[in-house]
1. So what's the angle, to the nearest 10 degrees on a 0 to 90 scale, between helix 2-23 and the longest Cα principal axis of the chain?
2. Can you tell me the FRET efficiency between Thr521 and Ile335 if r is taken as the Cβ-Cβ distance and R0 is 30 Å, rounded to the nearest 0.05?
3. How much length, in nm to one decimal, is gained on full extension between Ala506 and Phe595, taken as 0.36 nm per residue of separation minus their Cα-Cα distance?
4. Helix-derived [θ] at 222 nm for the chain: sum -39500 (n - 2.57) over DSSP H runs of at least 4, divide by residue count, nearest 500?
5. Kindly work out what percent of the DSSP beta bridges joining two residues of the chain are antiparallel, to the nearest 5.
6. Note the angle between two axes, namely the Cα long axis of helix 212-222 and the longest principal axis of the Cα atoms of the chain, as a number of degrees from 0 to 90, rounded to the nearest 10.
7. As a test of reading the structure, rank Arg239, Arg462 by solvent-accessible area (1.4 Å probe, protein chains only), most first.
8. Might you report the magnitude of the Cβ-based charge dipole of the chain about its Cα centre, with Lys and Arg at +1 and Asp and Glu at -1, to the nearest 20 debye?
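The values are calculated or read from the model by the stated rules, or taken from the named source; none is laboratory data. Predicted model only: the values in this text are computed from it and were never measured. In this analysis, Cβ positions are derived from the backbone assuming ideal geometry, glycine residues included, and neighbour counts consider all displayed protein chains. These accessible areas exclude ligands, DNA and RNA; they are computed on the full protein's heavy atoms, side chains included. Shrake-Rupley method; radii C 1.70, N 1.55, O 1.52, S 1.80 Å.
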Amino acid sequence: MIVKKIIAFFIFNICLVEINTAQTKAPAAFGPIPSANQLRVQEMEQYAFVHFSLNTYTDQSWGFGNEDVKLFNPKNLDCRQWARVCKQAGMKGIIITAKHHCGFCLWPSAFTNYSVKNAPWKNGSGDVIREMADACKEYGLKLGIYLSPWDRNRPDYGTAAYITYFRNQLTELLTNYGPIFEVWFDGANGGDGYYGGANESRKIDPKTYYDWENTYKLVRKLQPQCVIWNDGGKRGDLRWVGTEAGFVGETNWSLLDSTGEVSWNMLHFGLENGNAWVPAEVNTSIRPEWFYHPAENTRVKALPQLMELYYNSIGRNATMLLNFPIMPNGLINAIDEKNALEFAGAVKKTFAINLAKDTKVTATDSRNNDKKFGAQNVIDEDKDTYWSTNDNVTTSSLTINFRKTTSFNRFLVQEYIRLGQRVQSFSIEAFIDGSWKELAKATTIGYKRILRFPTIATNALRFNISAAKACPVIAGIGVYNAPQILAAPGIIRNQSGEITITPDDAESRIYYTTNGTLPSTRSKKYTAPFITDGKVEIKAIAFDPVSKKMSSVTHEKFNIIRKNWKIIGVSDEKVNAIIDGNSLTAWHQDSNTKFPADLIIDLGKEEHLIGFKYLPDQSFWGGGLISQYRFFVSANGNDWKLASEGEFSNIKNNPLWQTKMFTETKARYIKLSALKNTSNNNNIGYAELDILTK
């Protein structure tokens, strides 16, 4: 009889649990939610760009549209190498520039002669897109297509006939190369170009000219599982973040309004109450520019920079699109490959062990006290389960109790975004010396948020949601102890030739060389600034004497010193910021100055010039970015000869050093004439101006 009562008791309680579970409804979706396609791309987290075209062979940022098709002849082109590098670097897909602004096509399009079919490469029988598609399939990567709407080669650009041509090419790319996960429509539209020999400037309205509504319908029809990226036209499935520097806002909502103007703040931070799901994609290059330039071999992003990119993109609720410029021989550079693989290894090592796994997790509130929505779900490594509170609870806490005192410096949290993005603010605390101490606080979470802080040791961690738009739905939490990564030191040279090397942290030692050889701990130790004269090549490393770790190498090449340079015709003493060697200082022409605006410098003596460099104002809101220029040289300051003219391509989105080479010439005076800026106003700014000598 007793046995029967015990059995009945257990059956009764099991039934109660089942009834309770059946009665506990999942939270309803709140606000916009991602489509299946958007969710699929978000879960890829990181994927690659590859930039390759005719301007790879002309050392330009953008092609003009008149480049000779016969330049395209990569001797060792190997898309399998690209795919292998990207796969080993942790990328899940590759987006290839099928056609950039110059109009040259990497596939044998039936609608133009300006393509690989008329290039000497493989005697005109090659197809880079086919080889890329095959390589992606072999390495288990998804394929994406970049197709520039702007075409500086086409004579019909700006007319209705071009839209037919554009869609014909889009159809070729979306029907002949298998599944496409993303189509990338660049926002650069209209301007100077060859245009079939017209050599003129053409303006279009990017919102109406391309008839995006029907272009999108074509994409959806041909590739129903593809997402669309578009900047400047109809709202796409993903959004640009307003910069190519490799970061999105610390606050980042995956929302925008479906129509209307989009400000920079909306691009960078999203729109908290937007009515459409439009997540952020952070696009940047492993080098300063998108296409390969030999001069940037010393400017490849090293491990610390790539980790910053990771935390400032994936760690801020965005995807990461990292570009690899292809060299003229058709391969990814060995330096780029090495750094990318180091990056992949560091990410894997950092997030290999979730210290929250197998801990005890408790919550101040759980949905109907149902285990289906219980606190333990955040560490079960199942993306389809989550912890949630009751509908009327928008503030709550989770406490993670470690089995022993545990050291960590990274905190990762994910919302179950299938039900929308909800959290508006949160913090984390550690139980130290008998009380809770705040470690970090932040605003949005979204798909993934990672917080960094100094290493602490504790036996308990608390995650506090202080504000949310609806009951929180938290899919995962991770706690990690990331290894130290030493940042490379900074190197600058001032106008008088004095070199200053600055470590990222005061405890590091700096070792350097001045002859181009690789530094080690046996090299000269940096103790104070030192004077150099003429051209010099400095390489430096940071070394931590405690951990014995060493940073990557910083490499700077300096031309002649600017000690005797004088800026002519400007009374403002602040103008010398242009030649002080400090990229963080800048000078702007008087606001009443009209284009063309000249800046004249006396070099002090005659020099053998082969080029010049211009760095725009590096402050975020400084503006004044020169986009079109003429550069003159003179022996006496009166009689001027034009040495170079053209555009600083993409300077608005990528305001870095602009280098222009020209035929060797002797001169004592130089004149940079600014013809136009990126904002179409009279703001004309300079951070640095320098020359290149033979």
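1. 40
2. Efficiency computed from Cβ-Cβ geometry: 0.85.
3. The span from Ala506 to Phe595 would gain 27.5 nm if fully extended.
4. It lands at -5000 deg cm²/dmol.
5. Working: 105 of 138 bridges.
In the chain, DSSP labels about 75 percent of beta bridges as antiparallel.
6. Tilt relative to the chain: about 60 degrees.
7. Highest to lowest solvent-accessible surface, that is Arg462, Arg239.
8. Numbers: 79 positive and 70 negative charges, 321 e Å.
Charge dipole, the chain, about its Cα centre: 1540 debye, nearest 20.
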